[in-house]
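Asks: One structure follows; several queries about it will come next.
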């Protein structure tokens with residue numbers, strides 16, 4: 001029986017199981033060490049099922065990363081359309097990014113492993129674009145705040161990096177080997193300190 | 001001729017060459033993939049020379065990490081004994097950490113690779129202690145600032161994490177795959193924004 005004849009819900013199930021199994025194995029053992037055989041065994045499917053959905057291990061990996069970026073982009077679209085002051089919207093954006101990272105912690109962990117770890121032979125995927133996109137959003141909100149007088153005059157680049165630094169470190173702390181010492185409310189408090197600094201005269 | 005009979009400057013030279021070669025290979029290929037044979041070849045020494053100085057590949061790695069921690073600790077001792085306001089001392093500490101990280105970027109890169117990368121079989125070394133130590137120093141300075149009225153009343157933990165976040169992200173940006181967008185003066189500007197927020201009433 002080929003995959004094409006499987007009922008749709010079973011097809012999706014196998015696809016999801018493959019993505020989840022690969023995510024776990026890539027993180028635990030590294031991309032190159034995780035074999036197609038192991039991924040299929042962990043997902044409870046045969047090799048042709050993996051090839052049917054993704055073409056190859058590379059295809060599976062790229063599909064996983066594209067999926068993460070799509071989710072990120074769709075959430076962003078939702079967050080940045082919200083009304084409110086620049087301060088409220090920046091806090092909302094950072095909290096949303098923080099919550100989404102915790103919700104998707106295994107893939108965030110894999111991204112860090114690929115980005116900072118030794119070369120693992122994973123196909124090229126521009127991981128910098130997540131960070132670049134966050135920086136751009138924060139920067140455009142900060143500039144709006146300066147223009148409208150909500151924030152004091154100053155270098156929007158320095159201000160944006162201060163905000164992004166707190167968001168970045170808060171997410172990273174969730175990946176640490178110790179119990180995370182930053183939670184959502186710590187992040188909000190950090191952002192409030194920065195906003196006090198950016199509105200001070 | 002055994003190592004013991006080599007003149008002292010040649011001994012040190014071989015030891016340094018081994019540490020440098022291992023650092024480069026561990027980062028490029030991962031700890032487990034870098035063999036004693038390759039490390040010795042890159043350092044231009046024979047295997048017994050490595051065993052003489054470090055006992056094993058594990059010993060070499062631990063020696064490298066201990067060396068990094070000792071340097072870190074000796075610089076800290078120097079930085080925290082300086083006079084000045086809490087603001088000046090915190091900026092001095094962060095700038096010093098930033099400069100030292102750039103000076104020793106290859107080993108910082110290796111630490112990130114071991115910490116965030118897939119398990120590479122490196123012997124246990126508590127990498128969290130670098131971050132813990134930085135947090136503790138920042139926290140004690142912030143508490144001093146609150147006690148003496150230089151900083152406003154507030155949660156010293158939130159304030160400390162805000163400072164550490166900027167230092168952390170500034171160092172990390174130097175490890176990125178793109179041209180670093182934060183330099184020493186961006187870090188100082190970020191810290192000034194935070195200090196304005198921590199002195200605001």
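We did not get these values from a lab; they are worked out from the coordinates using the rules stated. What you see is a predicted model, and the numbers here were worked out from it, not measured in a lab. Neighbour counts are summed over all protein chains in view; Cβ atoms, including those assigned to glycine, are modelled from backbone coordinates with ideal geometry.
Asks: Most exposed first by the Cβ proxy, i.e. fewest other Cβ within 10 Å, how do A:113, B:101, A:74 rank?
Replies: A:74, B:101, A:113
Asks: Could you work out how far helix A:57-80 tilts from the main Cα principal axis of chain A, as a 0 to 90 degree angle to the nearest 10?
Replies: Taking the Cα atoms of chain A, the angle to A:57-80 is about 30 degrees.
Asks: Just report the Cα centroid separation between the stretch B:142-201 and the stretch B:52-84, whole Å.
Replies: 25
Asks: Using only the alpha-carbon atoms of the stretch A:1-123 as identical scatterers, what base-10 log of I(q)/I(0) does the Debye formula give at q = 0.10, 0.17 Å⁻¹?
Replies: Summing over Cα pairs of the stretch A:1-123 leads to -0.40, -0.89.
Asks: Tell me the relative contact order for chain A as a rounded percent, counting alpha carbon contacts under 8 Å between residues six or more apart.
Replies: Relative contact order for chain A comes out at 20 percent.
Asks: On a 0 to 90 degree scale, rounded to 10, what angle separates helix B:86-103 from the longest Cα axis of chain B?
Replies: Computed tilt is about 20 degrees.
Asks: Next question, about the same structure. Using square roots of five times the C-alpha gyration tensor eigenvalues, list the equivalent-ellipsoid semi-axes of the stretch A:119-170 in whole Å, biggest first.
Replies: Over the Cα atoms of the stretch A:119-170, the ellipsoid semi-axes are 30, 11, 7 Å.
Asks: Using only the Cα atoms of the protein assembly as shown, what semi-axes does the equivalent ellipsoid have when each is the square root of 5 times a gyration tensor eigenvalue? Give whole Å, largest first. Could the numbers behind the result be given before it?
Replies: Details: eigenvalues 281, 254, 45 Å².
Square roots of five times the eigenvalues give 37, 36, 15 Å.
Asks: Label-to-label distances across copies for residue A:188, with labels 7 Å out along Cα→Cβ, in nm, shortest first?
Replies: Ordered by increasing distance: 3.6 nm.
Asks: Using helices alone, what [θ] at 222 nm do you get for the protein assembly as shown, with -39,500 (n - 2.57) per DSSP H run of 4 or more residues, divided over all residues and rounded to the nearest 500? Spell out each step's value before the answer.
Replies: On the way: 18 runs with 292 residues, N = 402.
Helix contribution divided over all residues of the protein assembly as shown: -24000 deg cm²/dmol.
Asks: Roughly what would the spin-label model give for residue B:140 and residue B:124, points 7 Å off Cα along C-beta, in nm?
Replies: Between residue B:140 and residue B:124, the simple spin-label model gives 2.7 nm.
Asks: Another one. Along Cα→Cβ at 7 Å, what distances in nm separate the residue A:126 label point from those on the other copies, shortest first?
Replies: Values, ascending and in nm: 4.2.
Asks: Compute the Cα gyration tensor for the stretch A:20-86, then decide on rounded, prolate or oblate, letting a ≥ b ≥ c be the square roots of its eigenvalues: rounded whenever a/c is under 1.5, prolate when a/b is larger than b/c in the other cases, and oblate in all that remain. Don't skip to the end; give the middle numbers.
Replies: Numbers: a/c = 3.65, a/b = 2.63, b/c = 1.39.
Since a/c reaches 1.5 and a/b is larger than b/c, the shape of the stretch A:20-86 is classed as prolate.
Asks: How many partner chain Cβ atoms sit within 10 Å of a residue's Cβ in peptide A:154-165, on average, as a whole number?
Replies: 6
Asks: For residue A:150 paired with residue A:184, estimate the spin-label separation in nm (one decimal), with each label point 7 Å from Cα along the Cα-to-Cβ line.
Replies: If labels sit at residue A:150 and residue A:184, their model points lie 2.1 nm apart.
Asks: Can I ask one more? Considering chain B as a Gaussian network with a 10 Å cut-off on Cα pairs, which listed residue, B:70, B:81, B:140, attains the greatest mean-square fluctuation?
Replies: Largest GNM mean-square fluctuation: B:81.
Asks: Considering only the label points, 7 Å along Cα→Cβ from Cα, what distances in nm to one decimal separate residue B:140 from the same position in each other copy, shortest first?
Replies: Output for residue B:140: 4.6 nm, nearest copy listed first.
Asks: Which shape class applies to the stretch B:80-156: rounded if a/c is under 1.5, otherwise prolate when a/b exceeds b/c and oblate if not, where a ≥ b ≥ c are the square roots of the Cα gyration tensor eigenvalues?
Replies: prolate
Asks: Inside 10 Å of the C-beta atoms of B:109-120, what's the mean count of C-beta atoms belonging to other chains? Numbers along the way, then the final one.
Replies: Numbers: counts 1, 1, 1, 4, 6, 3, 7, 13, 10, 16, 7, 3.
For peptide B:109-120, the averaged partner shielding equals 6.
Asks: Here is a further query. When B:166, A:40, A:139, A:94 are ordered from fewest to most other Cβ atoms inside 10 Å of their Cβ, what list results?
Replies: Least to most surrounded, the residues fall as A:139, A:40, A:94, B:166.
Asks: For A:86, A:178, which order do you get if you count the other beta carbons within 10 Å of each Cβ and list the fewest first?
Replies: A:178, A:86
Asks: Moving on. To the nearest 0.05, what FRET efficiency results for residue A:199 and residue A:35 with a Förster distance of 41 Å applied to their C-beta separation?
Replies: So the FRET efficiency works out to roughly 0.15.
Asks: I need the shape label for the stretch A:60-199. Rule: rounded when a/c is under 1.5, else prolate if a/b > b/c, else oblate, with a, b, c from the alpha carbon gyration tensor. Before the final figure, lay out the partial values.
Replies: On the way: a/c = 2.04, a/b = 1.67, b/c = 1.22.
In terms of gyration-tensor shape, prolate.
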